[in-house]
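We did not get these values from a lab; they are worked out from the coordinates using the rules stated. Nothing here was measured: the structure is a model prediction, and the numbers come from that model. Heads up, the Cβs are rebuilt from the backbone with ideal geometry, glycines too, and the neighbour counts pull from every protein chain shown.
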Amino acid sequence: MVNADKYELYPGKTHPIGVSIDRERGGVNFCLYCDESVTFVELLLFNLHDDPEPDQIIRLDPLIHRSFYFWHIFIKGLPENSYYAYRVDGPNQPQNGRIFDKHKVLIDPYAKGISRSLWRREFACLPGSNLHTSMRSCVVPLTDYDWQGDRPVNHPLNESIIYEMHVGGFTRSPSAKVKHPGTYAGLIEKIPYLKKLGITAVELLPIFEFDDRHARYVNGRKLVNYWGYSTVSFFSPHSGYCVNPHGARPVDEFRDMVKALHQAGIGVILDVVFNHTDEGNHLGPVYSFKGLANDSYYFLVEQSKKFYFDYSGCGNTFKCNHPICEKFIIDCLEYWVRDMHVDGFRFDEGTILARGENGTLLAHPPVVWGIELSEALAESKIIAEAWDAGGGYLVGSFPGHRWAEWNGIYRDDVREFVRGKPGMLGVLAARISGSADIYQNQNELPSNSINFITAHDGFTLNDLVSYNHKHNLANGENNRDGADHNRSWNCGSEGPTKDEKVNALRQQQIKNFAAVLMLSKGVPMFAAGDEVCRTQLGNNNAYCQDNEISWFNWDLVKANKSMLQFWQRLIVFRKSHPRLFRDRFFDGEVNRRGLADITWHGCRLGKPGWHDPHGLALAMTLGAREAHQDMHIMFNMYWYTLEFELPQVKGKKWYCAVNTALASPADIAETGKEKEYKGVTFNVDARSVVVLISR
């Protein structure tokens, strides 16, 4: 039974968009953006998250509650944590991009919380009412949380070490032994591990609300949207990572995690997906943007606006530089910084942010510059995945100057060199010295390069040295999905083996990759579990695997403690040597002992062999300022030992800090306990990296 007059109703105001609680007046303001052709808006109010019927339906009068594109109303007496939804009507003209359905229940794009208690995706894909199977938005109070003085950490980007991780998968395995597996609370329990590892920031795979319930089955195994790269609600924390998924609890549980990470000195970077939404193509569900202003929010095919351009590879493309979308994106980011205290964002398929309303790449895309110049985001890290599925590739040329980029060129070149591709010496030198060839001419800095070898998408580091080919049959797509050209090498045997020589070489190769990553100028990022040899059994596209394939196996922490120790000490080493993270490119500056800030060598001093088509060995000397240590690094990716000449350091001696060919714990010394090396040459074992420091 609908209660027609439970609350006092007033015209309301046009801003802010979404809901805003006014405790002085004792009510809630609602504001909704709709296409100009909309003729009818109903606001449905629910008492509980799973009420199938509304407690009240309020039909908005366009003469009172409409201002241009905005529909608005103020409801006095409405309790906080109430639930609501909309029904919107207008012309149903799919060929013109208008697909209004007055029976379809829609969530608020600006909602700070969403209930999926009754959600059934299939009913949102069909015309007509889905009242009893729809999502609900929540009136979430934001001002009562006790932050205890918390502020975003905001480590300087050039001093950051980023750890890419999945909130659910980090503690969902029984081996995690946490009270609340797969939740924000579960991650809090593992913060001591993260702090000891030494990372400065976590980069969380999507935590905006997404649909992880829609499933398919392959050989009896349930496959779902595990990664979360199809967003349902951009202002709402994913309720699937919550102990209590209702009302304001998801907001508070997310804040608890952020506050706890900040107390440990660890920043929080969110992987955000503004390039598309979960509404998909013309066959996908209608639950929000489509039913409000389809042509404003999405790229539609001009010949027949029933269909969607798909620059994202996921069914639709968000029209990021439409004025209302630009505002939506910047409002969203500023909310997560202001009210949720996050430290930055990584933008999935970020090149789509640079596409104009006709799909072409813009020199000065409004939303990109709006993000760069926002005062509220001035201290936030902004990182672009500078490519998209439509062929847009902007690594080294992404608009703006403050934007860092996932450097896919770094990933590919380092993989090729370490696996033994000859003739890579020049490109390797460019990558480990900050990719100046990519960024310096753009008047950018080494910190514009996010250096990575692995990420969630692709092989784990252990699999990179264990498989020549992807093994994705578990995904149910006949191994067609996932990248085919991985630049991997299995070290002599495909997959798990009992061959001790192969396993030893794999361990050494992992250490080589780790060493190159941490010795490179730019910002290092690695995927959770690489430090303990996590495997996905050769699956390089585990987007649907919410199971042991993807989860962090905490038994590996003990089983591979020597590898973990190598990473921990390597991170300490990087932090201790400013030459590695100083945010300027090398320029030939010479110190008082006659050493340039960087000098390149081969096995012979001053002869790097840039043009050797067979070259697999390189050395570099970093001349430090007086207060710091000089460093000499030797890379040998040949299959035999090489003798390298060593430069002299006047008044000092060389000490061996890293030698990836040695077994633990000799592979990397504790800071201050490095052993003196007295020779004038150094025999660098096959496929290994050696680092000497001066004292």
Phi-derived 3J(HN,Hα) across the range 538-550 with the Karplus relation (6.51, -1.76, 1.60, θ = phi - 60°), rounded Hz, x for Gly and Pro, is x, 7, 9, 8, 7, 4, 10, 9, 8, 6, 4, 4, 9
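Can you give the convex hull volume of the alpha carbon atoms of the range 348-420 per residue, in Å³? Walk me through the numbers on the way to the answer.
Details: hull volume 7.2 nm³, N = 73.
Dividing the Cα hull volume of the range 348-420 by its residue count gives 98 Å³.
Sort the range 8-138 into rounded, prolate or oblate with this rule: let a ≥ b ≥ c be the square roots of the eigenvalues of the Cα gyration tensor; rounded if a/c is under 1.5, and if a/c is not under 1.5, prolate when a/b is larger than b/c, oblate otherwise. List each step's numbers first, then the result.
Working: a/c = 2.04, a/b = 1.16, b/c = 1.75.
Oblate, since a/c reaches 1.5 and b/c is not below a/b.
Which entries of K195/K558; K259/K575; K195/K575; K222/K290; K470/K501 have Cα-Cα distances beyond 19 Å here? Mind showing how you got there, number by number?
Values: K195/K558 17 Å; K259/K575 24 Å; K195/K575 14 Å; K222/K290 29 Å; K470/K501 23 Å.
Beyond 19 Å: K259/K575; K222/K290; K470/K501.
Which percent, to the nearest 5, of DSSP beta bridges fully inside the chain are antiparallel?
Details: 74 of 100 bridges.
Close to 75 percent.
Viscosity 1.567 mPa s, temperature 4 °C: what is the translational diffusion coefficient of the chain from Stokes-Einstein with a Kirkwood Rh over Cα pairs, rounded to a whole number of µm²/s? Write down the numbers at each step before the final one.
Numbers: Rh = 26.9 Å.
Here the translational diffusion coefficient equals 48 µm²/s.
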Amide H contacts under 5 Å for F345, restricted to residues at least 5 apart in sequence or on another chain and with H modeled in the peptide plane, are L270, K381, I382, I383
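Any chance you could run the full-extension gain for N96 through R59? It's 0.36 nm times the residue separation minus the Cα-Cα distance, nm to one decimal.
On the way: separation 37, 0.36 × 37 = 13.32 nm, distance 2.62 nm.
Length gained between N96 and R59: 10.7 nm.
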Under 18 Å Cα-Cα from K179, which lysines qualify once same-chain neighbours fewer than 8 residues away are excluded? K190
Just the number, please: Stokes-Einstein D of the range 73-155 in µm²/s, Kirkwood Rh from C-alpha pairs, 20 °C, 1.002 mPa s. 138
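If we count other beta carbons within 10 Å of each Cβ, what is the order of E477, E531, fewest first? Walk me through the numbers before you get to the answer.
Numbers: E477 13, E531 27.
Ranked by crowding around the Cβ, least crowded first: E477, E531.
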Packing rank of 226-238, 682-694, where each peptide gets the mean count of other beta carbons within 10 Å, highest leading: 226-238, 682-694
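Filter the chymotrypsin sites (Phe, Trp or Tyr not before Pro) in the range 55-144 down to the DSSP loop ones having no more than 14 other Cβ atoms within 10 Å, then list what survives.
Values: sites: F68, Y69, F70, W71, F74, Y83, Y84, Y86, F100, Y110, W119, F123; in loops: F68, Y69, F100, Y110, W119.
Passing sites in the range 55-144 are F68.
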Computed over the range 261-335, the convex hull of the Cα set has an average projected area, in nm², of 6.3
Dividing the Cα convex hull volume of the range 456-508 by residue count, how many Å³ per residue is that? 80
Which length gain, in nm to one decimal place, applies between S397 and E548 when the Cα-Cα distance is subtracted from 0.36 nm times their residue separation? 50.5 nm
Take the range 59-105, compute every pairwise Cα distance, and split them into 10 Å bins from 0; I just need the percent in each bin. 20, 41, 31, 7, 0
Going toward the positive end of the dipole of the range 8-138, with +1 on Lys and Arg Cβ and -1 on Asp and Glu Cβ, which of H49, N29, H15 do you reach last? H15
Near the amide H of Y677, under 5 Å away, which other amide H atoms are found, from residues 5 or more places off or on another chain, if H is placed in the peptide plane? W654, Y655, C656
Search the structure for amide H atoms under 5 Å from the amide H of T454, placed 1.01 Å from N in the peptide plane, and list their residues when 5 or more places away or on another chain. A527
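By per-residue mean of other Cβ atoms within 10 Å, what is the highest-first order of 393-403, 463-473, 359-369? Before the final figure, lay out the partial values.
Details: 393-403: 18.2, 463-473: 21.2, 359-369: 16.5.
Packing order, densest peptide first, comes out as 463-473, 393-403, 359-369.
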Size descriptor, Kirkwood hydrodynamic radius, that averages inverse alpha-carbon separations across the range 300-412, Å: 14.6
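Using 0.36 nm times the number of residues separating K678 and V301, minus their current alpha carbon distance, what extension gain do you get? Don't skip to the end; give the middle numbers.
On the way: separation 377, 0.36 × 377 = 135.72 nm, distance 6.99 nm.
Between K678 and V301, full extension yields 128.7 nm more.
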Taking the convex hull of Cα positions in the range 433-526, its mean projected area over all directions (nm²): 7.3
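What order, most packed first, do the peptides 132-143, 10-21, 560-571 have when packing is the mean number of other Cβ atoms within 10 Å of each residue?
Numbers: 132-143: 21.0, 10-21: 16.9, 560-571: 19.5.
Those peptides, ordered most packed to least, come out 132-143, 560-571, 10-21.
Looking at the range 371-525 from every direction and averaging, what is the projected area of its Cα convex hull in nm²? Let's see the in-between values first.
Details: hull surface 44.6 nm².
Across all orientations, the range 371-525 yields a mean hull projection of 11.2 nm².
Helix-derived [θ] at 222 nm for the chain: sum -39500 (n - 2.57) over DSSP H runs of at least 4, divide by residue count, nearest 500? Can you show the working numbers first?
Values: 16 runs with 143 residues, N = 695.
So the helix-based figure for the chain works out to -6000 deg cm²/dmol.
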